[in-house]
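Trainee: Before anything else, here's the structure in question.
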Amino acid sequence: MKKKNIVIIVIVISIAALVLGFILSCRYQPHKGYAGSSQKEIYYCPMHPGYTSDKPGDCTICGMKLVKKEVAQEIEKKAQSPGKILYYRNPMNPEVTSPVPAKDQMGMDYIPVYEEEKETESTGIHISYERQQFIGVKKEAVQKRKLVKEINTVGRIAYDPELYVAQQEYIEALKVQENTKDSNLTLIKEQMKSLAEAAKRKLLLLGMSKAQIEELSPGSKADSSLYLPIEEDIVWVYMTIYEYEVGLVKVGQIIEIDSVAYPGDVFEGEVVSITPVLDPNTRSINVRAKIKNIENKLKPEMFVNAKIKVEMGEKLAVPEEAVMDTGERRIVFIAQPEGHFVSRKVTLGHKAGGYYEVLDGLDEGDLVVTSGNFFIDSESRLKAAISGESHKHGQ
């Protein structure tokens, strides 16, 4: 009987203890809504953590957008378990990647790209309208334009006895070939033909075109203006054209020259031949033109400035101010709605009249940044660097 009473007492005490514990826990548990309402929202600058504010805005030190502390903590928490690493990316050039950890030429660690990040990765950046005005952002639409490229180079009035002698040799070879064409001696006929062909090849190597050579006949004379300062209506000009512009120069193009000897005078002519062999030392070729020698002013070996205008036709064009050359690639920033900007790699052709010919990377109507793009690029790189730092914290 006593044992039964003891068991009942123990059960009653246990139940009473549980009830009392439940009541006390409910009584002293902090109210969630009260705790949350007593805390102020804090915003801080990721680049200057010491700068804080109780409302959103921009950092007065660097102008960067302030980040809410709770949001930053969520980012940090996410960074601690970022997921599977897919590859590593160059922090200054996102297109350069590596399957394993690496460093760039400046010693900066490559940024790991995680499985989740690949879906949301973006090179874009947002800049408010007020800030765009502050940094002087200007934009221009990409469109088709009639491009005219101007090649400016130097030249000299020809003094070329070697070419004169080669012309004379070719004319003499033609005369002999003409005189022996009715000969019964086949060997002589073949030798004279071979001699004329050899003289012709020499003229080609010296820069004369096939059309010019065909103008020479047994009854013609070599061009004496190549070596004597006599009164001639036409003189030759030899110009230097560098390799990157060789493809633009054609026979028949109009050229203009001027000389320091005659300020204000402009002499016109046209391209008549292009040397077929590139000079390996200067990476250039000689282009020859015939110029009208007004009043016999131009003298052999006189230096001149030459200008060749090249009609490139209608091409899709982007302003040269919009293009940023990193050394490894060329990029432009495209303006999108609501203050967003994205970088775009482009392939460009020749520059003409303040514009680049667009070969790839842009479409007609794209709005590109022509002023303030260096600031946008700086903020974009800063964003990439901060993103990289958050990944490093999780390593």
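The values are calculated or read from the model by the stated rules, or taken from the named source; none is laboratory data. Predicted model, so just to flag it, every value in this text is computed and none were measured. Glycine gets a Cβ as well: all are built from the backbone with ideal geometry, and neighbour counts include every protein chain shown.
Trainee: Given the criterion assigned to a strand (DSSP E or B), under 26 Å from VAL165 (Cα atoms) and acidic (Asp, Glu), identify the matching residue among GLU270, GLU256.
Mentor: Step by step, each of GLU270, GLU256 is checked, and only GLU270 is assigned to a strand (DSSP E or B), under 26 Å from VAL165 (Cα atoms) and acidic (Asp, Glu).
Trainee: May I ask you to verify whether PRO276 is modelled with pLDDT of 90 or more, farther than 16 Å from GLU150 by Cβ, assigned to a loop (DSSP other than H, G, I, E, B) and outside the structural domain of ILE135 (by TED's automatic domain parsing)?
Mentor: The answer is no for PRO276.
Trainee: Which one is surrounded by the most Cβ atoms within 10 Å (Cβ to Cβ) among residues in the range 236-247 that are at pLDDT 90 or above and among the aromatic types (Phe, Trp, Tyr)?
Mentor: TYR238
Trainee: Here's a follow-up. Looking only at the range 256-290, count how many residues are closer than 16 Å to PHE303 by Cβ, among the β-branched types (Val, Ile, Thr) and over 29 Å from the mean Cα position of the chain (by Cα).
Mentor: 3
Trainee: Based on this model, can you work out whether GLU197 counts as of a type in the set (Asp, Glu), without any contact (Cβ under 8 Å) to a residue 40 or more places away in the chain and in the same structural domain as VAL271 (by TED's automatic domain parsing)?
Mentor: yes
Trainee: Only one of LYS221, LYS250 is of a type in the set (Lys, Arg) and at pLDDT below 90; which?
Mentor: On the way: LYS250 fails: at pLDDT below 90.
Going through LYS221, LYS250 in turn, the sole match is LYS221.
Trainee: Counting residues that are farther than 30 Å from GLY63 by Cα, which helices (runs of 4 or more DSSP H) fully inside the range 127-231 reach at least 1?
Mentor: Per the criteria, 161-179, 186-205, 210-215.
Trainee: Considering the range 344-367 alone, what residues qualify as being of a type outside the set (Ser, Thr, Tyr), assigned to a strand (DSSP E or B) and within 20 Å of MET312 (Cβ to Cβ)?
Mentor: VAL346, LEU348, GLY349, HIS350, LYS351, ALA352, GLU357, VAL358, LEU359, ASP360
Trainee: Please specify each residue of the range 168-184 satisfying the condition of being surrounded by fewer than 18 Cβ atoms within 10 Å (Cβ to Cβ), modelled with pLDDT under 85 and under 13 Å from GLU197 (Cα atoms).
Mentor: Answer for the range 168-184, where residues must be surrounded by fewer than 18 Cβ atoms within 10 Å (Cβ to Cβ), modelled with pLDDT under 85 and under 13 Å from GLU197 (Cα atoms): just VAL176.
Trainee: For residues that are surrounded by fewer than 16 Cβ atoms within 10 Å (Cβ to Cβ) and among the β-branched types (Val, Ile, Thr), tally how many sit in the range 185-220.
Mentor: Matching residues across the range 185-220 total 2.
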